[in-house]
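Undergrad: This is the structure I want to talk about, given as structure tokens.
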Amino acid sequence: MGFYVNDELNTVDVWGQRMGRTKKLANVASHPQVALVIDDLASVTPWIARGIEIRGLGRTPQGPSIHLRLTTAER
């Protein structure tokens, strides 16, 4: 999976291989409240994990690519 923060639309766009066949899309169609968790390891020595959770409304916009668009709170 990958993501792109779209400052112009105030959204986070999420895509990935075979996104059209994932349960994520079906879940968003029936329940649009979503959460996206992004995490990584800042260091392994010492072990330092970090992450962020983004909550908002998900939808699948029309267009040539299949992806999820998470709309965050208004700024």
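Undergrad: Has segment 3-13 got at least one residue that is in contact with a Pro (Cβ under 9 Å, 6 or more places away or on another chain) and among the acidic types (Asp, Glu)?
TA: yes
Undergrad: Do the conditions hold for Ile66, that is, is it at pLDDT below 85 and surrounded by 10 or more Cβ atoms within 10 Å (Cβ to Cβ)?
TA: yes
Undergrad: How many residues does segment 25-57 hold that are touching a residue at least 24 places away in the same chain (Cβ under 8 Å) and either basic (Lys, Arg) or closer than 17 Å to Tyr4 by Cα (or both)?
TA: The qualifying residues number 6.
Undergrad: So if I check each of Thr71, Thr60, Thr22, which one is surrounded by 13 or more Cβ atoms within 10 Å (Cβ to Cβ) and touching a residue at least 60 places away in the same chain (Cβ under 8 Å)?
TA: Result of the check over Thr71, Thr60, Thr22: Thr71.
The values are calculated or read from the model by the stated rules, or taken from the named source; none is laboratory data. Here the structure is a predicted model, which is why all the values come from computation and not from measurement. Heads up, the Cβs are rebuilt from the backbone with ideal geometry, glycines too, and the neighbour counts pull from every protein chain shown.
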